1. Could you work out the relative contact order of region D:185-321? I mean the mean sequence separation of Cα pairs under 8 Å and 6+ apart, divided by the number of residues, in percent.
2. Which one of C:Ile286, C:Val259, C:Ala200 is farthest out on the positive end of the charge dipole of region C:196-332, using unit charges on Cβ (Lys, Arg +1; Asp, Glu -1) and the Cα centre as origin?
3. Considering only A:Leu180, A:Leu141, B:Ser74, whose Cα is most displaced toward the positive end of the charge dipole of the protein assembly as shown, charges sitting on Cβ of Lys, Arg (+1) and Asp, Glu (-1)?
4. Counting helices only, and only those DSSP H runs with n ≥ 4, report the 222 nm mean residue ellipticity of chain D as the sum of -39,500 (n - 2.57) divided by its residues, in deg cm²/dmol to the nearest 500.
5. Using a Gaussian network for chain C with springs between C-alpha atoms less than 10 Å apart, which of these wobbles most: C:Gln279, C:Gln86, C:Gln166?
6. Which residue fluctuates most in the GNM of chain D (Cα springs below 10 Å): D:Ala253, D:Ala48, D:Ala22?
7. Using Cα-Cα distances under 8 Å and only pairs 6 or more residues apart, what relative contact order does region C:12-183 have, in percent?
8. Percent antiparallel among DSSP beta bridges with both residues in region D:240-332, to the nearest 5?
Amino acid sequence: MAVDSAKLIDIIKAIADKITENREYLTELDSAIGDADHGINMSKGFKVVVERISGMEGKDCGTILKTVGMALVSTVGGASGPLYGTAFMRAGQAVDGKNQLNFEDLILLMEAALEGIKYRGKAGRGEKTIVDALEPAVEALKLHREKGFEAALKEAVEAAKRGMEDTKNIMAKKGRASYLGERSLGHQDPGATSCYLMIETMALQLLGDKKA
Amino acid sequence: MAVDSAKLIDIIKAIADKITENREYLTELDSAIGDADHGINMSKGFKVVVERISGMEGKDCGTILKTVGMALVSTVGGASGPLYGTAFMRAGQAVDGKNQLNFEDLILLMEAALEGIKYRGKAGRGEKTIVDALEPAVEALKLHREKGFEAALKEAVEAAKRGMEDTKNIMAKKGRASYLGERSLGHQDPGATSCYLMIETMALQLLGDKKA
Amino acid sequence: MKKLINNPELVVEEMLEGMVRAFPQYVRKLEGYNVIVRVDAPVKGKVALVSGGGSGHEPSHAGYVGKGMLDAGVAGSVFTSPTPDQIFEAIKAVDGGAGVLLIIKNYTGDVMNFEMAADMARAEGIDVESVIVNDDVAVENSTYTVGRRGIAGTVFVHKIAGAKAQAGGTLEEVKAVAEKVIKNVRSMGMALTPCIVPAAGKPTFEIGEDEMEIGMGIHGEPGTMRTKIKKADEIVNHLMEKILADLPLEDGAEVAVMVNGLGGTPLMELFILNRRVNQILEEKGIKVYRTYVGEFMTSLEMAGASITLLKLDDELKSLLDAPADTPAFKQL
Amino acid sequence: MKKLINNPELVVEEMLEGMVRAFPQYVRKLEGYNVIVRVDAPVKGKVALVSGGGSGHEPSHAGYVGKGMLDAGVAGSVFTSPTPDQIFEAIKAVDGGAGVLLIIKNYTGDVMNFEMAADMARAEGIDVESVIVNDDVAVENSTYTVGRRGIAGTVFVHKIAGAKAQAGGTLEEVKAVAEKVIKNVRSMGMALTPCIVPAAGKPTFEIGEDEMEIGMGIHGEPGTMRTKIKKADEIVNHLMEKILADLPLEDGAEVAVMVNGLGGTPLMELFILNRRVNQILEEKGIKVYRTYVGEFMTSLEMAGASITLLKLDDELKSLLDAPADTPAFKQL
Ligand SMILES: Nc1ncnc2c1ncn2[C@@H]1O[C@H](COP(=O)(O)OP(=O)(O)O)[C@@H](O)[C@H]1O
Ligand SMILES: Nc1ncnc2c1ncn2[C@@H]1O[C@H](COP(=O)(O)OP(=O)(O)O)[C@@H](O)[C@H]1O
Ligand SMILES: [Mg+2]
Ligand SMILES: [Mg+2]
Ligand SMILES: [Mg+2]
Ligand SMILES: [Mg+2]
């Protein structure tokens, strides 16, 4: 695996497309247990992300990721803006100055993203948040490191998906859904869902690359 | 024809019943070209009328009619309160002190009621108001005076009905419906309708009396 | 019918009780009558202002009872003019010896009931005058109507005549300035949804999911035109065109603006309307002296709005600027 | 979607423009940011108050910018917390050298965004403190939640902390009194209908023609319970029971009351609610010091209401009584 700045930009653009395609779906999920804006907020943010990173092929990967983070922080608002914003900014710091990312870099930046979200949101696993999709994915990446990046990445996507689906069975303890108590049961968390969609898209981009 | 105070009270109570039965219908008519309250206003007023005249059998007919008028003025509000209130008060003044009313008294009090409405509302025939039902009825009573009270009364009811129905074909020039301009065409006037219902009820009561 | 009420027949009584309990420092209720008066009524030597009409237009009119505006607000049933005896009681309660001005919205019922009350009061020796507000340009004033309706512009009459009375104006002077306001104020409204009169229990009219009614009255009376919903700016363009056609304003003229919500429309939308009102006036070189945005003359929960322009001169400006302290209209 | 708007994506911008055009004597907008500040900001030597949150709660918060209340109101997208850079700009624009207090409603997003802004401002040497308002008793405060939500009680924080700052209080003093208000204020709301976020174009939730949602949040978040609509008095009984269970008031205690409409509910109904609120307090021997009835913290066009009680002591009473002059909250 080797991702240069141009490829990184492609991946982020693909994530932006995916989020935009799922604008209604994410909002729908948020309307059940939140305030019905997650898809709106995220797609608004990624629209600006795409504007800001277009033409940044000449910059290093760290700068690009930090730009994504800044764009999300300054446009999304709500809970997901600072959370995903911090995640991307931390990811960028983790790979600062690099023009090319390898598998180890990917692990580094994903770990940094997870830490950023946990720092900002103070949520742990099992509280029905983004963490429930992201943490299993990061763990899977590390656990299956030796199998090579392709296999590990597939495991990570699977883990994120299971984590996302499992949010249906847990009561929210963080974020707006926590106000619902037991009424949050049975509903899949919007943030965990957007997180899964991002990981899945990234993987498809990277695996497609490998196969090609 | 001879109506004593007890019979007069019965007639008024029958009118009150009729208005209450037609509460929704009159309101419906008012919703098309007014503010959807004519039936509500009138039935509220006649409820108080019935309370006030109950037990007034010992009083003269003029006093009873004036009591009806006062009750309507002080409870109905809107346009119909002062109009019908004035009508009944004037009718009462026209037969002041009488314990028994004959056909000539009926004509007198109906004329006085019409004058009262025209004085208060300044409407003439053909402006889509109460006048369009009441004036033809009063004219018919007088025109057919010689045929006897029964025949004349039937003519009056017919005339009121035609007048009421004709309001469909005229544009309102008085009251709330006048704001509608041509859009008031095709709709029957609520006030003309309540007026017809009162005249019809009175006639049924008087004719029933005669036949019995 | 989704309403926070107890009994449709008692909404007016319970509302007034809730109002007096909220604002005892401003108002009290006349025992046995749906009449709200200044807590310090009658104010000796001051011309007293009495207004009123059907209920359902809150905060009109009782919300404007207080220093610098009304002395009494008379509340009829929902959308139904109050009765003469109520109005008569209000007049007696607030007359401080300097006479009473009745501010009447131009509806057949209101005019008749207030006139009957004025006759009753004059018969008792009280000096009573009245003015009739007819600011709604939706309906053309022609020999075929009873004149234009009175809507939100009425609040400017309360404010300015109230300031004149508070400043010690005579009945004649207060009436004259009220008439000046009436001559210079124009309004027009529109609605997106109907409202439900509690005693009726169903909407005053039906309207499609994509339709609006232009020129809507404040009692659910049909307007002048029904069309597809348009953008806020286009709606304002239309209303302003009608208003400005009726109230010609030379370049440099000064106006007060009121953007009034009918009850169900959020403040956000009223501000969006005001943006366009202000743009249009700017384009025409008309100066906005003061703007009021909010709910002043409502129609229960109806969604919609009206726009009012009042052409100002120096006298009207200084009276508009005067302080007022009432439950629903405060100016420092 | 029946709304008086032009473009769902531009509602916040156009609203703020309409607001500034309406009230140039009170407020101005920061170029390039959805931030409304006092026209005379920064006020030298005065502690500055900054609040904000998602839009759709008008007149909160920009409507409270003015003398005796806020120095800046930061407007996020509809129902979405503003971003740190916006808040940071607001802080910089109003800091008059005496420090800045951020008044934050307790939502995860708001807390995170305001905290990030505070960090940015502190990095520039500005003295920033914050308080978090959590008055909504609908959701029990337990280890399983992020604490209670902030709703209409926030307006009392604006009023009282604003008065303290206007009177020359230090940042520490202003923060202390804001925290005293937060400790003593409780609210709870309910809704009859949902609202439509313009960018979403459809209702935030579905609810039956005969149902209501108790404990509803101000962003269309589900409440604690859905039941058949009850009479106004029964609804008030329930809300007051919850509030009083959380804010024990001894006989003779004094409170301020706020009956707040969520946007679509007419004033008439709010007064009917206040009648019962007042009866209950009277029965319990609790004295009502001041009552506010109207729209203070709305949820677009949602029909419904919230009740807020603030327990008062002498300090809070005198600050509550202080004059305020803002577009949406005036007190003489
Ligand atoms: N403390 C937290 N840590 C991690 N994720 C969180 C936290 N709080 C909320 N979230 C995530 O944010 C999502 C909601 O995002 P969004 O709807 O954009 O924000 P808001 O709740 O402000 O409307 C939730 O579904 C949840 O996954
Ligand atoms: N000037 C008038 N003269 C006679 N009848 C009138 C006049 N104005 C209105 N009306 C009658 O009053 C009726 C409406 O009564 P109602 O609905 O009770 O009063 P409001 O119009 O005040 O709501 C109309 O249908 C019309 O017949
Ligand atoms: Mg959300
Ligand atoms: Mg009517
Ligand atoms: Mg009426
Ligand atoms: Mg949100």
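1. Taking the mean separation of contacting Cα pairs over the length of region D:185-321, I get 33 percent.
2. About the Cα centre, the residue reaching furthest to the positive side is C:Ala200.
3. It is B:Ser74.
4. So the calculated ellipticity at 222 nm is -10000 deg cm²/dmol.
5. C:Gln279
6. D:Ala22
7. After rounding, I find 21 percent.
8. 55 percent
Values in this text are rule-based calculations from the coordinates and carry no lab data. Nothing here was measured: the structure is a model prediction, and the numbers come from that model. Backbone-built Cβ (ideal geometry, glycine too); neighbour counts: all protein chains shown.
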